[in-house]
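The values are calculated or read from the model by the stated rules, or taken from the named source; none is laboratory data. If you're wondering where the values come from, they're calculated on a predicted model, not measured in any experiment. Every residue, glycine among them, receives a Cβ derived from its backbone with ideal geometry; neighbour counts consider all protein chains shown. Please note that ligands, DNA and RNA were not included when accessible areas were found on the heavy atoms of the full protein model with its side chains. Shrake-Rupley method; radii C 1.70, N 1.55, O 1.52, S 1.80 Å.
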Amino acid sequence: EALMDCVQIDHTLADVILRSDDEHRTVLGRPWVTLAIDVRSRMVVGVHVSFDAPSATAVALCVLNMLLPKEAFLAWLRIDAPWPAYGCPGLIYVDNGKDFHSKALIRGCQAIGTDLQYRPVGSPHYGGIIERLIGTMMGKCRLLPGTTHRNVQARGDYESEAKAVMTLSEFRHS
């Protein structure tokens, strides 16, 4: 009914290959993106991007980003834009990944008065809002140099590693 009543969180492996930002420009691989979206407004309220696989730490960092005002985060990214989405949600709705079943997340949610609810197993449509956001974000990744495309057939002759030019910080900024 209201903003921040329900937030959905999930992770995805980004469809783009990134390089190191040193002089060697080494291929590092694909980053993981953890996103949180407010169900009512459809506004992204939390994000975490790293090369680390989904974990309780990634979830915690995404939740922390969700809870805090975004001015410092945007300044760190060198983005001059408003992002007025933050606060404590009434409910966090997630899939059944083990990272969402961590004692730390369960206790953290209890500590801030947030309910934690799991989607029924084998029912991704119950998380349709976050899944749609992830699909939209991956569609945008497929426009970047170094894209892995949706699958091997869609990639065809495109050499993702050879075309990769972005760093993790550049990807976060885009």
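Ser123 meets the conditions (1) under 18 Å from the mean Cα position of the chain (by Cα); (2) under 23 Å from Arg42 (Cα atoms); (3) open to solvent by less than 30 Å² (accessible area, probe 1.4 Å) in every case but one. The failed one is (1). For Pro89, the stated conditions hold: it is assigned to a loop (DSSP other than H, G, I, E, B), modelled with pLDDT of 95 or more and open to solvent by less than 60 Å² (accessible area, probe 1.4 Å).
The set of residues in the stretch 18-39 that are under 20 Å from Met166 (Cβ atoms), surrounded by 20 or more Cβ atoms within 10 Å (Cβ to Cβ) and in contact with a Pro (Cβ under 9 Å, 6 or more places away or on another chain) comprises Leu18, Thr34.
Do you know which of the residues in the stretch 25-46 that are outside any loop (DSSP other than H, G, I, E, B) and over 15 Å from the mean Cα position of the chain (by Cα) is nearest to Leu143 (Cα to Cα)? Even if it seems obvious, please write down each step before you answer.
Going through the stretch 25-46, the residues outside any loop (DSSP other than H, G, I, E, B) turn out to be 27-29, 32-38, 44-46.
Narrowing the set further to residues that are over 15 Å from the mean Cα position of the chain (by Cα) leaves 27-29.
Values: Val27: 18, Leu28: 19, Gly29: 17 Å.
So the residue we want is Gly29.
In the condition set (1) more than 17 Å from the chain's Cα centre (by Cα); (2) open to solvent by 50 Å² or more (accessible area, probe 1.4 Å); (3) under 18 Å from Asp21 (Cβ atoms), Met166 is compliant with all but (2). Please enumerate the residues belonging to the stretch 57-86 that are outside any loop (DSSP other than H, G, I, E, B) and open to solvent by 30 Å² or more (accessible area, probe 1.4 Å). Of everything in the stretch 57-86, those that are outside any loop (DSSP other than H, G, I, E, B) and open to solvent by 30 Å² or more (accessible area, probe 1.4 Å) turn out to be Thr57, Ala60, Leu61, Leu64, Leu67, Glu71, Ala72, Phe73, Ala75, Trp76.
Scanning the stretch 4-24 for residues that are more than 13 Å from the chain's Cα centre (by Cα) and without any contact (Cβ under 8 Å) to a residue 60 or more places away in the chain gives Asp22, Glu23, His24. Taken over the stretch 127-144, the criterion of being of a type outside the set (A, V, I, L, M) and in contact (Cβ under 8 Å) with a residue 40 or more places away in the chain is satisfied by Gly127, Glu131, Cys141, Arg142. Based on what the data block shows, is Pro54 part of a loop (DSSP other than H, G, I, E, B) and either more than 11 Å from the chain's Cα centre (by Cα) or of a type in the set (S, T, N, Q) (or both)? No, not satisfied.
Sort out which residues of the stretch 1-17 are open to solvent by 60 Å² or more (accessible area, probe 1.4 Å) and at pLDDT 95 or above, and write them in order of number. Write out each step before concluding.
So in the stretch 1-17, the residues open to solvent by 60 Å² or more (accessible area, probe 1.4 Å) come out as 1, 3, 5.
Hit for the stretch 1-17 is Asp5, nothing else.
Among the residues here, Gln117 qualifies as without any contact (Cβ under 8 Å) to a residue 40 or more places away in the chain, more than 21 Å from Leu18 (Cα to Cα) and touching a strand residue (DSSP E or B) at 6+ places or on another chain (Cβ under 6 Å). For first residues located in the stretch 152-174 and at pLDDT 80 or above, partners that are open to solvent by 90 Å² or more (accessible area, probe 1.4 Å) and lie 6+ apart or on another chain with Cβ distances below 6 Å form the pairs Thr167/Asp21.
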